[in-house]
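Structure, as structure tokens:
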């Protein structure tokens, strides 16, 4: 089974609705790049700002998508709010 991991920037203090939307947009952006697979689980995790960007840098060689907000509410325009990437498949024996 494939796994999509989503991290959001906890320092932004987004409301639950905004957070859900940004994580969903990150997943949608990634799926748009890699294609849809119904046999995929999604894990959503939080990270403080420094760790958020460290994790992004660590996974930049994978299929990855950074969600950038348009700034209509809650956060400023061009704020990077969440990213999603395809985790390598591991076989459990």
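The values are calculated or read from the model by the stated rules, or taken from the named source; none is laboratory data. Only a predicted model underlies this, so the values are computations on that prediction, with no experimental measurement involved. Every residue, glycine among them, receives a Cβ derived from its backbone with ideal geometry; neighbour counts consider all protein chains shown.
What's the number of the condition residue 42 fails, among (1) in contact with a helix residue (DSSP H, G or I) (Cβ under 9 Å, 6 or more places away or on another chain); (2) buried (at least 19 other Cβ atoms within 10 Å of the Cβ)? Unmet for residue 42, out of (1) in contact with a helix residue (DSSP H, G or I) (Cβ under 9 Å, 6 or more places away or on another chain); (2) buried (at least 19 other Cβ atoms within 10 Å of the Cβ): (2). For the stretch 65-83, does any single residue satisfy the condition of being surrounded by 12 or more Cβ atoms within 10 Å (Cβ to Cβ), without any contact (Cβ under 8 Å) to a residue 40 or more places away in the chain, within 27 Å of residue 1 (Cβ to Cβ) and under 15 Å from the mean Cα position of the chain (by Cα)? Yes; the residues of the stretch 65-83 include at least one that is surrounded by 12 or more Cβ atoms within 10 Å (Cβ to Cβ), without any contact (Cβ under 8 Å) to a residue 40 or more places away in the chain, within 27 Å of residue 1 (Cβ to Cβ) and under 15 Å from the mean Cα position of the chain (by Cα). Select from the stretch 45-63 the residues that are over 19 Å from residue 10 (Cβ atoms) and in contact with a helix residue (DSSP H, G or I) (Cβ under 7 Å, 6 or more places away or on another chain) and list them in ascending order. Within the stretch 45-63, 63 is the sole residue that qualifies. Annotation: residue 24 fulfils all but one of (1) free of Cβ contacts under 8 Å to residues at least 24 places away in the same chain; (2) over 9 Å from the mean Cα position of the chain (by Cα); (3) surrounded by 12 or more Cβ atoms within 10 Å (Cβ to Cβ); the unmet one is (2). Quick one: is residue 3 surrounded by 11 or more Cβ atoms within 10 Å (Cβ to Cβ), part of a strand (DSSP E or B) and modelled with pLDDT under 95? Criteria met by residue 3.
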